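> Below: one structure in structure tokens.
Please treat every number below as a calculation from the coordinates, not as lab data. Note that this is a predicted model, so its numbers are computed, not measured. Neighbour counts run over all protein chains shown; Cβ positions are idealised from the backbone, glycine included.
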Amino acid sequence: MTIILLTVGVMAVFASISAGIRGAVDLENIEIASTLSRDLMDEIIGKGFDDPDAGAVFGPEEAEPRVNYDDADDYDGWSKSPPQNISGTYFDGTGTTPNYSRFRRAVTVENVPEDNFNAGTPSADSTTDAKRIIVTVSWPAPGGTTQVELKSVVTEYHPEAR
Ligand SMILES: [Ca+2]
Ligand SMILES: [Ca+2]
């Protein structure tokens, strides 16, 4: 049995942003994309490490919308454009008009070894107590697509047996 004592947000052991360098450098778009990536990452790491219900799988157990998601790997393979907040509204101030429409947000969640969060090859699904979350925000740019990638790792904490 595993008891989770820390929220995943606290356990984000490392995070890095690497802005894609394909295409023209566009500081304004990079800044917007960074904000959009952090928004989604904060949401994901605020969810549980594992689904609380029996029969959990790697990937979503719950149907969209994503407000139903309750564990980090529910977001694996998720992708949407234009960006919406968790309640399904847009970021335009009123929530009703699509904006930032050129941006697409996509998520990959994968298990990685507890002692090597940077492993090039992820572990098989559901086989480790560390999940690497990659939020990618991409937009069209001259010469190709540019993207910002935000990575975090969440781990499950195993207290010492007493
Ligand atoms: Ca779930
Ligand atoms: Ca799940």
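> Here is a list of conditions, (1) surrounded by fewer than 12 Cβ atoms within 10 Å (Cβ to Cβ); (2) in contact (Cβ under 8 Å) with a residue 12 or more places away in the chain, and Thr96 meets all of them except one; can you say which number that is?
(2)
> Quick check on this structure: which one of Val57, Val135, Val109, Val148 is within 13 Å of ligand 2 (Cβ to nearest atom), in contact with a helix residue (DSSP H, G or I) (Cβ under 6 Å, 6 or more places away or on another chain) and aliphatic (A, V, I, L, M)?
Working: Val57 fails: in contact with a helix residue (DSSP H, G or I) (Cβ under 6 Å, 6 or more places away or on another chain); Val135 fails: within 13 Å of ligand 2 (Cβ to nearest atom); Val148 fails: within 13 Å of ligand 2 (Cβ to nearest atom).
When all the criteria are applied, what remains is Val109.
> Any residue at all in segment 151-161 that's buried (at least 21 other Cβ atoms within 10 Å of the Cβ), more than 19 Å from Val57 (Cα to Cα), in contact with a strand residue (DSSP E or B) (Cβ under 8 Å, 6 or more places away or on another chain) and among the basic types (Lys, Arg)?
No, that holds for no residue.
> Ile32 fails exactly one of the following numbered conditions: (1) among the hydrophobic types (A, V, I, L, M, F, W, C); (2) farther than 28 Å from Asn99 by Cβ; (3) surrounded by 18 or more Cβ atoms within 10 Å (Cβ to Cβ). What is the number of that condition?
Just one mismatch for Ile32, condition (2).
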